[in-house]
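Presented below is the structure to which this report refers.
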Amino acid sequence: MNQYDVAVIGSGPGGYVAAIRCAQLGMKTAIIEKYDTLGGTCLNVGCIPSKALLDSSHHYEDAIKHFAEHGIDIPGEVKVNLKQMIARKQDVVEQNTKGIEFLMGKNKIDVLHGLGSFKDATHINIEKDGKTETIEAKNIVIATGSKPSTLPFIQLDKERIITSTEALKLKEIPKHLIVIGGGVIGLELGQVYKRLGSEVTVVEYMDRIIPTMDAALSKELMKVLKKQKMAFNLSHKVKAVERKGKEVIVKADDKKGQEVVLTGDYCLVCVGRRPYTDGLNLEAAGVKLDDRGRVEVNDHLQTNVSNIYAIGDVIKGAMLAHKAEEEGVLVAELLAGQKPHINYDLIPGVVYTWPEVAAVGKTEERLKEEGVDYKVGQFPMRALGRSRASMDLDGFVKILADKKTDEVLGVHMVGARCADLIAEAVTAMEFRASAEDIARMSHAHPTYAEAVKEAALDATDKRSLHS
Ligand code: FAD
């Protein structure tokens with residue numbers, strides 16, 4: 001029987017990063033993956049393919065809406081070739097998953113394909129094509145991720161009543177796509193199909209989209225998406241989703257309790273994701289779940305069984321690839337006797353619509369709840385030369401800082417390339433920078449990043465120079 005210092009179950013961003021860091025630290029490491037390709041949700045049916053389709057659809061939208069203004073004339077009609085768009089997306093996925101295979105080889109990590117299940121706390125059975133192999137590992141990391149969840153009354157047929165997984169490989173452009181859930185995934189995929197020509201209606205239970213982010217971001221993003229002709233039904237409680245031939249009928253109650261009936265040809269259900277532990281046989285190892293089906297862990301990401309750890313979407317916290325990666329590194333370094341730390345307050349959140357939305361730290365609502373005395377600095381993207389040059393005028397950067405100490409407590413932004421701009425805020429906040437620290441740093445001109453400096457200047461005695 002093969003013996004390992006560490007066996008990681010699941011090869012998503014949590015699992016494969018944990019495996020690499022364990023190997024770097026000299027541990028004999030195996031990674032177990034039930035699918036043929038490595039990379040988990042993120043690389044196969046999540047972050048990467050969704051961004052590939054967002055990029056392709058963005059190019060198309062630019063071509064039909066903005067090229068003429070830029071002085072680029074295209075003779076003839078610009079058309080979408082959905083088959084090619086999906087094929088390119090799949091190529092991108094393959095390049096990335098092959099990249100993980102390469103990294104596993106480079107780090108001498110044994111890749112074992114098959115369904116991993118606990119035999120006991122130090123043995124894992126790996127089952128593939130009716131054959132079972134058993135390995136022994138001193139330490140085990142559960143990194144089995146999550147799956148799309150649904151509402152109890154919705155029958156997903158994966159044809160027209162679909163999750164994000166199917167939305168990444170549709171064979172036709174929906175005429176009317178009804179998206180249930182105005183969170184990150186629903187809005188990103190909704191925008192893809194809106195750009196490609198679908199009518200898109202978002203139905204959201206809460207009274208705003210991206211409800212966990214700062215309310216100013218919800219408001220700005222919704223304003224922009226409405227301008228792009230996406231429709232929104234907020235404060236609507238979906239109560240039925242029915243399929244009739246090629247039609248999908250969604251029934252919801254609005255906030256007055258009046259029934260609203262929407263008819264489309266596809267319904268994308270994006271109501272969140274559930275931690276995935278099916279088939280793991282956790283009972284055999286005695287590993288406990290919490291009341292929401294997540295693997296219970298302590299601050300060291302250790303389960304109730306001392307040699308078994310869990311990371312990523314399968315435990316509490318934000319379901320984000322970079323959070324899973326940090327946790328993978330943390331567990332590996334703990335196993336090597338180091339003292340790593342994750343600052344969970346500074347995990348950035350991003351929505352890759354265009355304009356992008358990004359945030360780190362506390363929202364204004366949270367600061368109010370906590371009774372913190374804070375000040376706000378804000379700067380509109382439209383006041384930047386860079387934004388005018390590219391005609392990306394929507395959005396703003398908003399910085400929340402402690403009124404007394406000037407320490408930056410939260411940075412919230414909507415606009416072009418905010419997904420990249422947020423890194424500056426994370427760095428600043430990790431070093432507990434004040435708004436004035438950011439305001440006094442030179443930012444290249446012309447860049448979108450100047451909006452961060454200007455918002456910091458605004459937070460520092462309203463000293464913004466360009467608004
Ligand atoms: P996963 O990536 O889910 O990987 C778990 C792996 O474990 C899977 O490969 C699974 O097959 C395997 N596995 C499960 N059980 C077993 C078993 N018993 N034996 C063997 N293998 C098993 N996050 C971001 O940060 N940025 C984004 O832009 C972003 N976009 C997203 C877009 C979409 C459409 C979706 C669905 C998600 C997106 N996410 C994004 C979320 C991100 O994909 C997850 O947070 C991330 O993949 C979690 O990583 P993980 O390692 O915990 O689990």
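Derivation of every value follows stated rules applied to the coordinates shown; laboratory data play no part. Please read all numbers here as calculations on a predicted model, not as lab measurements. Cβ coordinates were reconstructed from backbone atoms using ideal geometry, including for glycine residues, and neighbour counts include every protein chain displayed.
The three principal axes of the Cα atoms in segment 1-75 give end-to-end lengths of 66, 24, 16 Å, sorted in falling order. Computed over the chain, the per-residue total of -39500 (n - 2.57) for DSSP H runs of n ≥ 4 gives a 222 nm mean residue ellipticity of -9500 deg cm²/dmol, rounded to 500. Tally the DSSP beta bridges in the chain and give the antiparallel ones as a percent, rounded to 5. Antiparallel bridges make up about 60 percent of those DSSP assigns within the chain. Per-peptide packing, taken as the mean over residues of other Cβ atoms within 10 Å, places 159-165, 326-332 in the sequence 326-332, 159-165 from highest down. Here, segment 349-461 is characterised by an Rg to Rh ratio of 0.95, where Rg is the alpha-carbon radius of gyration and Rh the Kirkwood radius.
The packing ranking, built from the mean of other Cβ atoms within 10 Å per residue, places the peptides 266-278, 98-110, 11-23 in the order 11-23, 266-278, 98-110, highest first. Shown here are the Rg and Dmax of the Cα trace of segment 69-168, at 21.6, 67 Å.
Under the criterion of Cα pairs below 8 Å and six or more residues apart, the relative contact order for the chain equals 15 percent.
By the Cβ distance rule (another cysteine Cβ under 4.7 Å), the unpaired cysteines of the chain are CYS22, CYS267, CYS270, CYS418. Taking the charge dipole of the chain about its Cα centre, with +1 at Lys and Arg Cβ atoms and -1 at Asp and Glu Cβ atoms, the residue from GLY76, MET206, LEU170 reaching farthest to the positive side is GLY76. Ratio of Rg to Rh for the chain: 0.99 [Cα atoms; Kirkwood radius as inverse mean 1/r over pairs]. A Cβ-based charge dipole, computed about the Cα centre of segment 338-467 with Lys and Arg at +1 and Asp and Glu at -1, lands at about 200 debye.
Helices meeting the span-like rule in the chain (full DSSP H runs, Cα extent of at least 24 Å along the helix axis, mean Kyte-Doolittle score of 0.0 or higher) are absent. In terms of the mean number of neighbouring beta-carbon atoms within 10 Å, the peptides 410-423, 33-46 order highest first as 410-423, 33-46. Here the ratio of the Cα radius of gyration of segment 164-260 to 2.2 N^0.38 Å is 1.07. About the centre of its Cα atoms, the chain shows a dipole size close to 860 debye [charges on the beta carbon of Lys, Arg (+1) and Asp, Glu (-1) only; nearest 20 debye].
Projecting the Cα atoms of THR405, SER390, VAL331 onto the charge dipole of the chain, computed from C-beta unit charges around the Cα centre, puts SER390 farthest toward the positive end. Computed over the alpha-carbon atoms, segment 196-334 gives an Rg to Rh ratio of 1.10, Rh here being the Kirkwood radius from the mean inverse distance.
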